[in-house]
Amino acid sequence: MLVSQILKSKSDDGVVTLPPGTAVARVAEVLSARRIGAVVISPDGKMLSGIVSERDIVREVGRRGSTCLAEPVDAIMTAKVVTCSRADDANGVLQKMTDGRFRHIPVVEAGELIGLISIGDVVKARLSELAMEKDALEGMIKGF
Ligand code: AMP
């Protein structure tokens, strides 16, 4: 299964982005309102400046308390973002997520952000692929 197929299967393929300099409190508000776990930080919705996940916010609040909420997200985001392409295989992406211990990966094409997939999207796609393989195998066995 390819990343492009996972993107197509998602009901909403738009990526939620916020510009650098956004306050951490605003990021938390967007994560909560959109029911998502990570936001891409981008000045124009295309170029990646970083990624910030709920874990980054919880870690910082736990470490320094609520003062960090008024500060720009730039200090707590991950600036070195691991990305994938539309043509990548889902198993390879799952491996990247497992090795890097993160659950979100932006999809980039020609240097521009075109989508984002979560570990949940990959697992869902893999489960439906396995269900189809099971049905096909059962069909073959019953056909004999
Ligand atoms: P997550 O599991 O996605 O909530 O993120 C766990 C940690 O990895 C956080 O510090 C994120 O900022 C970071 N992170 C999330 N996605 C990526 C990614 N694609 N590349 C690099 N770091 C990431």
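Filtering LEU130, LEU113 for residues that are closer than 17 Å to VAL40 by Cβ and more than 10 Å from the ligand (Cβ to nearest atom) leaves a single hit, LEU113. The residues of segment 1-28 that are assigned to a helix (DSSP H, G or I), open to solvent by 60 Å² or more (accessible area, probe 1.4 Å) and more than 18 Å from GLU109 (Cα to Cα), listed by number, are SER9, ARG26.
All conditions but one from (1) within 16 Å of the ligand (Cβ to nearest atom); (2) closer than 17 Å to LEU7 by Cα; (3) open to solvent by less than 80 Å² (accessible area, probe 1.4 Å) apply to ARG86; the one that does not is (3).
So for segment 55-63 (the condition being open to solvent by less than 50 Å² (accessible area, probe 1.4 Å) and β-branched (Val, Ile, Thr)), does at least one residue qualify?
So far as segment 55-63 goes, yes, one or more of its residues are open to solvent by less than 50 Å² (accessible area, probe 1.4 Å) and β-branched (Val, Ile, Thr).
Looking at this structure, is ALA33 more than 10 Å from the ligand (Cβ to nearest atom), outside any strand (DSSP E or B) and surrounded by 15 or more Cβ atoms within 10 Å (Cβ to Cβ)?
Details: more than 10 Å from the ligand (Cβ to nearest atom): yes; outside any strand (DSSP E or B): yes; surrounded by 15 or more Cβ atoms within 10 Å (Cβ to Cβ): no.
Spelling it out, it is not the case that ALA33 is more than 10 Å from the ligand (Cβ to nearest atom), outside any strand (DSSP E or B) and surrounded by 15 or more Cβ atoms within 10 Å (Cβ to Cβ).
If the condition is being within 10 Å of VAL24 (Cα to Cα) and near the ligand (Cβ under 10 Å from one of its atoms), then segment 61-83 contributes ILE76, MET77.
The values are calculated or read from the model by the stated rules, or taken from the named source; none is laboratory data. It should be emphasised that the depicted structure is a prediction, and the values quoted were computed from it without experimental measurement. Methodologically, a virtual Cβ is constructed for each residue, glycine included, from the backbone with ideal geometry; neighbour enumeration extends over all protein chains shown. Calculation scope for accessible area: heavy atoms of the full protein, side chains included, ligands and nucleic acids excluded. Shrake-Rupley method; radii C 1.70, N 1.55, O 1.52, S 1.80 Å.
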